[in-house]
Amino acid sequence: MLPPLLPKREQYRCAPAHIGRAFACAAVCGAVPLAANAMVAGHLPSDVPIGIAALVALALSLSIALIGMLIRARALHRINSELQRTRDLAAHREHERDLAQQELIRKLESERELAKEKMQFEAQLSDYEKYASLAQLALGAAHEINNPLLGILSHLELELAEAEREVQIQSGDAHRIASEERRAEILQCIEGAKRISSAVRGLLNYARPGPLLISKISLFRLVADCINFVAHQPMFRGIELTAHIPPDLPVITADANQLSQIVMNLLLNAAQATIEGGRITVSADKVKFEEMIELAVADTGQGIPADILPHVFEPFFTTKRGKGTGLGLSISQAYVRSHGGDIRVESLPGRGTTVRIRLPIRQEGRPLLESDEEVVV
Ligand SMILES: Nc1ncnc2c1ncn2[C@@H]1O[C@H](COP(=O)(O)OP(=O)(O)OP(=O)(O)O)[C@@H](O)[C@H]1O
Ligand SMILES: [Mg+2]
């Protein structure tokens with residue numbers, strides 16, 4: 001029986017097998033009568049017994065049948081190898097189709113990736129343009145504000161010294177109370193003027209970060225210094241503050257002052273969002289397959305609502321009314337970008353926030369301040 005899927009050509013090729021089989025049957029059926037007929041007709045010598053003649057005829061028929069089977073076996077073998085070749089070909093085509101499909105999916109994914117990057121780039125560009133014009137405006141305003149402000153501050157400090165002297169020399173209660181009130185008012189003015197001055201300074205830093213002063217930095221030491229500096233401040237009381245920085249992390253080249261400011265900004269933000277019993281963790285590691293390091297500051301604080309998250313890098317955006325200038329993250333972003341890195345914020349409201357910074361390990365083409373050997377932080 002032929003396999004049902006066999007093509008027509010195969011059926012044609014099987015013909016010899018059928019012919020062989022038919023031939024063998026015909027021979028077996030015809031041999032014995034032929035032998036008997038030959039004896040009757042006297043074709044055989046009379047001394048040959050009929051049994052021997054029948055045996056010879058049977059052997060003859062069996063040989064013919066054997067030849068038929070051999071022919072059939074060969075044909076079957078050929079069919080099988082054809083079938084195998086066809087199967088191999090089909091499997092090969094299927095494999096090629098799979099490869100083509102995978103390639104197509106890869107291309108589609110890379111196109112989608114490219115489109116996403118293009119959108120991000122365009123958004124960044126429009127951010128840059130917006131901030132560049134804002135920065136120009138702010139720069140002009142900052143200069144106008146800063147100089148008179150310094151004059152006001154020094155005048156207020158003189159007034160304060162005067163008020164303090166009065167408090168000490170006043171003998172009568174009424175005069176003493178009046179002098180103390182005056183002193184408190186002057187202190188309030190000084191505090192306000194200092195807040196304006198620090199906002200203006202921040203604005204100037206944001207708009208014109210200045211040239212990078214590049215040196216070799218051990219992040220392990222820089223982060224440890226920052227943590228030691230803030231750990232005893234009241235804001236960090238009751239908060240577990242830890243650093244996970246491998247001591248063998250590559251030394252990077254960067255502006256140490258800017259980097260410290262970034263870490264401090266992130267630590268302060270984290271502490272302001274975290275209540276007692278919470279955790280702040282600073283970690284860093286080399287990015288796999290890239291000449292970059294990633295520094296992350298994670299807290300278990302209140303998190304940032306989804307509608308606020310897109311605005312946190314905008315200059316002067318703050319949710320800390322009266323307590324924040326809204327420049328911490330925007331200045332940090334300006335610093336990170338001037339190093340050729342990027343900064344991202346991930347947050348789950350109620351669970352916490354993680355700020356991730358990626359920085360190149362080396363500032364290619366930028367001269368080092370210190371000698372090649374020295375690690376400044
Ligand atoms: N770790 C954090 N957890 C929760 N909210 C955060 C965190 N970091 C930043 N934010 C949000 O992003 C806003 C902007 O932060 P940014 O540091 O720029 O300004 P600020 O902290 O408000 O003021 P400044 O840093 O100038 O004192 C914050 O007001 C706060 O709403
Ligand atoms: Mg801040």
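Taking the conditions exactly as written (buried (at least 16 other Cβ atoms within 10 Å of the Cβ) and within 8 Å of ligand 1 (Cβ to nearest atom)), does V355 satisfy them or not?
Yes, satisfied.
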task: Just name the residue that is surrounded by the fewest Cβ atoms within 10 Å (Cβ to Cβ) out of those in the stretch 204-221 that are in a loop (DSSP other than H, G, I, E, B) and among the small types (G, A, S).
output: G210
field: Matching entry among E113, E103, E109, E185 (being acidic (D, E), at pLDDT 80 or above, surrounded by 12 or more Cβ atoms within 10 Å (Cβ to Cβ) and farther than 29 Å from I262 by Cα)
entry: E185
task: May I ask you to list the residues in the stretch 260-272 that are closer than 19 Å to P315 by Cα and either of a type in the set (A, V, I, L, M, F, W, C) or away from ligand 2 (no atom under 15 Å from the Cβ) (or both)?
output: I262, V263, M264, L266, L267, L268, A270
statement: If we ask which residues in the stretch 197-207 are more than 13 Å from ligand 1 (Cβ to nearest atom) and within 13 Å of A141 (Cβ to Cβ), their number turns out to be 2
task: Identify the residue in the stretch 272-286 that is surrounded by fewer than 22 Cβ atoms within 10 Å (Cβ to Cβ) and near ligand 1 (Cβ under 9 Å from one of its atoms) and, among all such residues, is nearest to the chain's Cα centre (by Cα).
output: A273
message: Just to be sure I understand the filter: pairs with C-beta atoms under 7 Å, separated by 6 or more residues or on different chains, first member in the stretch 278-303 and closer than 13 Å to T353 by Cβ, second member basic (K, R) and part of a loop (DSSP other than H, G, I, E, B). Which pairs pass?
response: G303/R351
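The values are calculated or read from the model by the stated rules, or taken from the named source; none is laboratory data. Everything numeric here is computed off the predicted structure, so don't read it as measured data. As a convention, Cβ positions derive from the backbone with ideal geometry for all residues, glycine included, and neighbour counts pool all protein chains shown.
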